[in-house]
1. Give, in nm to one decimal, the length gained when the segment between ALA35 and GLN135 is fully stretched (0.36 nm per residue of separation minus the Cα-Cα distance).
2. TRP311's amide H: which non-local residues (gap 5+, or another chain) put their own amide H closer than 5 Å, with H modeled 1.01 Å from N in plane and none for Pro or chain starts?
3. Pairs LYS206/LYS239; LYS153/LYS233; LYS206/LYS343: which are spaced more than 23 Å apart, C-alpha to C-alpha?
4. In debye to the nearest 20, how big a dipole does the chain give about its Cα centre with +1 on each Lys and Arg Cβ and -1 on each Asp and Glu Cβ?
5. Considering only protein heavy atoms, with the full assembly of protein chains and a 1.4 angstrom probe, order GLU146, GLU38, GLU131, GLU332 by accessible area, largest first.
6. Answer with a single label: of (1) 21.2; (2) 19.1; (3) 23.2, which was calculated as mean projected area of the Cα convex hull in nm² from the structure in view?
7. For region 35-177, with the dipole built from +1 on Lys and Arg beta-carbon atoms and -1 on Asp and Glu ones, taken about the Cα centre, which of SER163, LEU42, GLY60 lies farthest toward the positive end?
8. Which residues in region 96-125 have a backbone N closer than 19 Å to a point placed 7 Å from the Cα of ALA284 along the Cα-to-Cβ line?
Amino acid sequence: MIRFECDYNEGAHERILQRLIETNMEQTSGYGTDAHCERARLLIRQACGNDDADVHFLVGGTQTNTTVIASILRPHQGVIAAVSGHIAVHETGAIEATGHKVLTAPSLDGKITAAQVQAIYDAHKQESSPEHSVQPGMVYISQPTEYGTMYSKAELEELYAVSRVCGLPFFIDGARLGYALASRDCDMTLADLASLCDVFYIGGTKIGALMGEAVVILNDTLKRDFRYIMKQKGGLLAKGRLLGIQFETLFEDGLYLDISRHAVDMALRIHDTLVLHGVEFLYASPTNQQFPILPDSLLEQLRQHYTFTFWEKVDHSRSAVRFCTSWATRQENVDALTRDIVKLLQGKQLQVQTETTAESVAELQTVALV
């Protein structure tokens, strides 16, 4: 079985595993205070172009989102996000479990706009008794989105500007950030992104690490006591050096972007091949997630050899599915997938042509008999 359902099917990049082995018997201080974590912080600050950024390491994405959001919001506040945002649909109510509501905005492409943020803020402010409803307290997006789409630099500038005007901290979920930065359509650097938000994180779990996310806090007012909140949320890892070593390896010579670029190349190989054979896509994704629309009968046959994610029904006979590539996806597996899809498509076309021909012959025979 060849797996395309997510981007964390594999373990970790071999260079990370080697570094973990090499440093295994080192004695270091705990909880992220070791030399490896410090060097990883230095490398990330350099990549962000910000020497004053606070950098913290947590284990996973849901833990990171809940910890960051809980650290920012007051008890009566909620977080603005797209209706399809990860915190709204794929974290089992983790944000709500901390006592905070996700205030969702409609979206067709996974993104929210500055105008939507302003509208949500204004609507609450203009209520006759605003204290009876949840107060917007921050803005959340992911880059890229759940649909593989990306915010442009101009869109981030607009969102950051309106967030500042409204006094709402702007948080970017970067679980797949490398795949956005490595996209051919990306018009920003990591340093650009770091200058356009208050806090974001760099995902490692989905991009080469065994586990781990690096939170980067830019806004000084959000830095205070963050380690206390990490500890309270179960995010202060005793063997913190295990996370530091991984990010140290990913950022010491451009490995992070190199392996991210590979995943995007593999995804676009799927996209471009299927487009050539007339396949439509649900979203215009330039990153590692692709959403082709395929016949249901074809998908049933494809599931015998491949795993992928059902996304949504498009009509009575077709569905959109997600193929997700990763830093470790093999080109031969991508080629096998596209080759099998093309064969099945061609077989279906031949079947339709045969059935059409048979119907035509039957009609002629009927006419002849009459």
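1. Extending this stretch completely gives an extra 31.9 nm.
2. Under 5 Å from the amide H of TRP311: ALA320, VAL321, ARG322.
3. With Cα atoms farther than 23 Å apart: LYS153/LYS233; LYS206/LYS343.
4. 700
5. GLU131, GLU332, GLU38, GLU146
6. (3)
7. LEU42
8. Label zone hits: 107-114.
The values are calculated or read from the model by the stated rules, or taken from the named source; none is laboratory data. Quantities reported herein were computed from a predicted structural model and do not represent experimental measurements. Please note: Cβ atoms are built from the backbone with ideal geometry, for glycine as well, and neighbour counts cover all protein chains shown. Please note that ligands, DNA and RNA were not included when accessible areas were found on the heavy atoms of the full protein model with its side chains. Shrake-Rupley method; radii C 1.70, N 1.55, O 1.52, S 1.80 Å.
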